[in-house]
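Computed from the coordinates by the stated procedures, all read-outs in this text should not be read as laboratory data. None of these values were measured; they are calculated from a predicted model. A quick note on method: Cβ atoms are made from the backbone with ideal geometry, for glycine too, and the neighbour counts reach across all protein chains shown.
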Amino acid sequence: MRGSTFHAPTLDLLDGIGAAKAMIGQGIVAPRMQYRSRNQGIIADFDFGVLSDVTRHPFRLQCEQFKLTRILHSMLTDKPGFSIRFDARVAGCTDHGDAVEVLLENGEKITGSYVIGADGARSPIRKSSNIEFEGFTWPERFLVLSTPFDFATLIPGLADVSYYADPEEWFFLLKVPGVWRAMFPVPAEVEDEETMTDDYARARFARIVQGRDDYPIRHRTLYRVHQRVAKTFRQGRVMLAGDAAHINNPLGGMGLNGGVHDAFNLAGKLAQVWHGEGGEELLDLYDRQRRGVTVEHVQRQTIANKQNLEAKEPEAQRAFRERMADTAADPAKAHAYLMGVSMINGLRRAAEIR
Ligand SMILES: Cc1cc2nc3c(=O)[nH]c(=O)nc-3n(C[C@H](O)[C@H](O)[C@H](O)COP(=O)(O)OP(=O)(O)OC[C@H]3O[C@@H](n4cnc5c(N)ncnc54)[C@H](O)[C@@H]3O)c2cc1C
């Protein structure tokens, strides 16, 4: 399941190619987002409706990534020139200067003008191009437990997207079609196998509502969490996009959205180069724009999101809670804050980079 949050400007982009309506039809429109604490209840309640002056989709859409992939696939199948091959693992690529050759694990070679490595965090395209993946890995892992139990029946006023700040163990609750996803940090010293046990799940669930730990579990998944950005998003005839180019912790739901923003930016420029309407320097502009905002906005914001939720010092906790409460209570401040959270600022900044 992994990515399941689509932000407003991503929906605006997808709407431009006719994909947003089907997504919205298969997802949950979440108009609000909350910060909460276990002892204080709601710290701040944000309404994405304040963004209706800058987006046609002033909400978060909770919809699993695989649904978008299927929608895009069905839109493409009858387009001339489109083909997709499953069961064809890529081993790497070689840039020959005038063409690029992709090697499949079965030994087959495919030659083309360009290759876009959108092959995930372990990207063989990135690795075989010797592009460094700079950054770090957090010591803790994240455990996602999905349950069909409806937390809104137990927690009054619970928003579909709710982050709980807590000095002992922060967590977040996210509603997606059919289940709630609860995500918890797992300390480095806990073995992977232990996190998959019912006892471990119950101890995590017990933190959500006192006296309850018995929610049925539909999925349990443990993730390693990284903050890494490729040294370049373009090297010769090789381009990187999505997790192949950048990975971050999932607090704020920015990884998949950033990948879609990469795709729109790159596709537009590559089409211009292909049709002879622009030179290859446009591909370097893709790197400057998308890598630039990935470092300036996405990495910075997701690291701050994690640090705010896990803050242990009473002073830091108090400052975060007061700042969020004050921001949510003032429509102008809430507007400015949600412009960053929903990644509108990031896209605008990318467009300014020359
Ligand atoms: C718990 C969790 C929750 C998250 N929630 C959100 C969220 O709500 N919103 C958000 O924006 N982001 C979220 N993310 C991040 C998001 O999941 C990723 O950013 C997103 O999935 C990246 O998409 P991608 O297509 O670039 O890479 P992937 O989804 O990893 O896809 C890579 C593709 O390449 C293929 N591939 C890999 N290797 C090869 C090979 N050798 N040959 C051929 N094909 C290959 C794979 O089969 C796959 O189809 C979350 C991440 C986690 C861990």
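Temperature 25 °C, viscosity 0.890 mPa s: under these conditions the Stokes-Einstein estimate for region 124-240, based on its Kirkwood radius over C-alpha pairs, is 149 µm² per second. Taking the Cα atoms of the chain, the ratio Rg/Rh between the radius of gyration and the Kirkwood radius comes to 0.98.
By other beta-carbon atoms within 10 Å, ranking ILE24, ILE131, ILE110 with the fewest at the front produces ILE110, ILE24, ILE131.
Over all projection directions, the Cα-based convex hull of region 1-159 averages an area of 14.5 nm². Annotation for region 241-316: trypsin sites (Lys or Arg not before Pro) lying in DSSP loop with at most 12 further Cβ atoms inside 10 Å of their Cβ are LYS312. From helices alone, the chain scores -9500 deg cm²/dmol at 222 nm; the rule is -39500 (n - 2.57) for each run of n ≥ 4 DSSP H residues, then divide by the residue total. Were the residues from ALA121 through ARG288 laid out at 0.36 nm apart, the gain over their Cα-Cα distance would be 58.1 nm. Gain on full extension, evaluated as 0.36 nm per residue between ILE217 and GLU191 minus their Cα-Cα distance, stands at 7.4 nm. Its relative contact order, with pairs defined as Cα atoms under 8 Å and 6+ residues apart, puts region 66-162 at 16 percent.
FRET efficiency for THR153 and ARG202, Cβ-Cβ distance as r, R0 = 22 Å, nearest 0.05? Rounded to the nearest 0.05, the efficiency is 0.70. Kindly list the residues of region 330-349 that lie in the label zone of ASP12, defined by a backbone N under 17 Å from the point 7 Å along the Cα-to-C-beta vector. Of the residues in region 330-349, 335-349 have backbone N under 17 Å from the label point off ASP12. For the pair GLN40 and ARG70, the difference between a 0.36 nm per residue extended length and the Cα-Cα distance amounts to 6.6 nm.
Taking label positions 7 Å along the Cα-Cβ direction at both PHE82 and GLU101, the computed distance is 3.1 nm, reported to one decimal. Normalised by residue count, region 311-354 yields a Cα convex hull volume of 87 Å³ per residue. As a ratio to 2.2 N^0.38 Å, the alpha-carbon radius of gyration for region 56-97 is 1.77. Rounded to two decimals, the Cα-based Rg/Rh of region 129-184, with Kirkwood Rh, is 1.16.
With a cut-off of 13 Å between beta carbons, the residues surrounding VAL293 carry a summed charge of +2, where Lys and Arg count +1 and Asp and Glu -1.
Out of every Cα-Cα pair in region 169-314, what percent are more than 18 Å apart? Summing the P(r) tail past 18 Å for region 169-314 gives 66 percent.
Comparing MET239, THR55, TYR114 along the charge dipole axis of the chain, the residue lying farthest to the positive side is THR55, per the Cβ-charge model.
FRET efficiency for the pair ARG300 and ALA332, taken as 1/(1 + (r/R0)^6) with r the Cβ-Cβ distance and R0 = 22 Å, rounds to 0.45.
Each Cα pair under 8 Å and six or more residues apart adds its sequence gap; the mean of these over the residue count of the chain is a relative contact order of 20 percent.
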